[in-house]
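Below is one structure, written out as structure tokens; comments come after it.
The values are calculated or read from the model by the stated rules, or taken from the named source; none is laboratory data. Keep in mind that what you see is a predicted model, and the values were worked out from it rather than measured. Glycine gets a Cβ as well: all are built from the backbone with ideal geometry, and neighbour counts include every protein chain shown.
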Amino acid sequence: MEVRTRFAPSPTGYLHIGGARTALFNYLFAKHHSALGGGKFILRIEDTDVARSTEDSTQAILDGMQWLGLNWDEGPYFQSKRFELYKGHAYKFLEMGKAYKCFCTPEELEKRREEALKQGRPPKYDGRCRNNPPSPPLTKGGKEGFAIRFKVPHGITLVKDLIKGNVAFNNDEIEDLVILRSDGTPTYNLCVVVDDATMEITHVIRGDDHLNNTPKQIMLYEAFGYPLPQFAHLPMILGSDKTRLSKRHGATSVMSYKEMGYLPHALVNYLARLGWSYGDQEIFSIHELIEKFSLENVGKSSGVFNPEKLIWLNQHYLKEAKPEELSLLLIPFLETKGYKVSADKRLVNIIKGFQERSKTLVEMAGAAEFYFKEDIQYEEDAAKKFLTPDMATIFEILISRLNSLQALTHEAIEAIFNDIINEKGLKLGKVAQPVRIALTGGKVSPGIFEVIENLGKETTIKRIKKAIEFIKSRN
RNA sequence: GGUCCCAUCGUCUAGAGGCCUAGGACGGAGCCCUCUCAAGGCUUAAACACGGGUUCGAAUCCCGUUGGGACCGCCA
């Protein structure tokens, strides 16, 4: 049988880190099996809450998934377009006597819940409408004035979870859940079951915050006579204080990582290793993830989101990336800084110098700025320390020798520097560092020969001349 | 409060009763390399929550305690 997984977010916000990992695991599981013969990854938008769902959120989720490369094989399906299907199921229950009309108003329910909580009783629906006769009208026009509740049978419901193992629930602890609201709209538990069953989902992989819902859903499957999917409940992702990851822990939206200059694969690799492992391996290509992913190697305990490790992975992939590919990714970041740059050979060469020095594309764009600026500013302390009077003559020599150079190659530049330090009896650092300040304005940059090469003869000489003037004006 | 889940370095984790003097990775510390910063190389500190069992033998199995988390909606 073909493996079919799904990611089913509700469009009430952006795609966040936790959702992305759930989507990733579903994707990897399906693709793993698709390589073995059959596997589909389905996207379904759970927008039954009309008040909170927005189209912007749907788009944001789609964008996030596309950026991560989590391409779905089917969908997106929208629950809002399937209301009649759910309603039909609810009314079928009514006819079968497996559900009943509940005339309690939300206000009454809320009041009773509060009272129960105050008295230390479980805030469970008391079932007072349970024995209402299945009276007509069984209208389907909406605004029924009553909700439909599922009649939870007595007994024990066993969840056979692929990650958590067997978990038994006593049905008496579970209240008769509303499956159709009094405004005629279906609720979550009804929709998931109807959808997962009719979409023939074989593996429901989701956060373990849903574990407590699972017995309810199993009862619905059984009441409908639908075959049960396999369940796999993933442990939660926590923030540094070990509570559920949320905005106050910092960036949680997937797209904010794009904006911060992360590579999508770095995030994918990080998320894959958060809760899943494959021996001691840390670095995985997407191909390897698909090949090696299995639910058996998913851990049971929740994990803390660690931005430091994500940064390390990002740096790693920045280092490994082809500079040509990076140039395309870097351009937007340079543009937001106001530089119009094209993806040419020069940009590629520039990038090579920053691949081992940047943690993010944002950082890279910042560090590379001196290449594109018309006028550079000196860092105050750097200028004071390195643009000293004795450097003026060395700068003059440098200018004349660079001027006489035919081609500005790395080797030729290095030879010039070597000659100068040998003649003057200096160490390379004594010359390189002042030149670095003169050319970049700061104390940190790629290798100085490389900087000169990429800057070009004209700009290099112009900036050194400016440094000489600066030195003279100061003394 | 009730129900459920979870428990190895600060963090992510390896570990399927003897291979464990507990391994790897991030982060930390130190050293080397070096034109700066990185990268890289080497070294190092750092954990089986606690208490009982079971067993010749337990990080691993069982029970309890403690701690953490999730869920208890006409949200999803």
**Report entry** Criterion violated by residue A:444 - all others in (1) of a type in the set (A, V, I, L, M, F, W, C); (2) exposed (fewer than 15 other Cβ atoms within 10 Å of the Cβ); (3) over 44 Å from the mean Cα position of the chain (by Cα) satisfied
**Finding:** (3)
**Report entry** Subset of segment A:172-206 [small (Gly, Ala, Ser) and under 25 Å from residue A:113 (Cβ atoms)]
**Finding:** A:182, A:184
Query - From A:363, A:335, residue being of a type in the set (D, E, K, R), within 16 Å of RNA strand B (Cβ to nearest atom) and over 16 Å from residue A:454 (Cα atoms) - result: A:363
**Report entry** Among residues of segment A:400-413, those that are within 14 Å of residue A:454 (Cα to Cα) and surrounded by fewer than 16 Cβ atoms within 10 Å (Cβ to Cβ), counted
**Finding:** 4
Report summary line: Taking segment A:65-106 and keeping residues of a type in the set (Gly, Ala, Ser) and within 16 Å of RNA strand B (Cβ to nearest atom) leaves A:75, A:80, A:90, A:99
Report summary line: Taking segment A:14-69 and keeping residues acidic (Asp, Glu) and either within 20 Å of residue A:200 (Cα to Cα) or buried (at least 18 other Cβ atoms within 10 Å of the Cβ) (or both) leaves A:46, A:47
**Report entry** segment A:253-291, residues that are of a type in the set (Asp, Glu) and within 14 Å of RNA strand B (Cβ to nearest atom)
**Finding:** A:280, A:282
Requested in this report: Name the strands (runs of 3 or more DSSP E) wholly inside segment A:137-228 in which the number of residues that are at negative phi and more than 9 Å from RNA strand B (Cβ to nearest atom) is 3 or more.
Outcome: A:156-161, A:203-207
Query raised in the report: Can you tell me which residue in segment A:2-57 is nearest to residue A:198 (Cα to Cα), limited to those that are in a loop (DSSP other than H, G, I, E, B) and away from RNA strand B (no atom under 16 Å from the Cβ)?
Result: A:2
Query - Test: residue A:59 is within 30 Å of residue A:31 (Cβ to Cβ), modelled with pLDDT of 95 or more, in contact with a Ser or Thr (Cβ under 9 Å, 6 or more places away or on another chain) and not charged (D, E, K, R) - result: no
Query raised in the report: If you check residue A:349 against the conditions, is it of a type outside the set (Lys, Arg), modelled with pLDDT of 95 or more and within 30 Å of residue A:30 (Cβ to Cβ)?
Result: no
Query raised in the report: Is it true that some residue in segment A:388-397 is touching a residue at least 60 places away in the same chain (Cβ under 8 Å), within 28 Å of residue A:337 (Cα to Cα) and crowded, with 16+ Cβ neighbours inside 10 Å?
Result: no
Query raised in the report: Does at least one position in segment A:2-13 carry a residue that is surrounded by fewer than 18 Cβ atoms within 10 Å (Cβ to Cβ) and free of Cβ contacts under 8 Å to residues at least 40 places away in the same chain?
Result: no
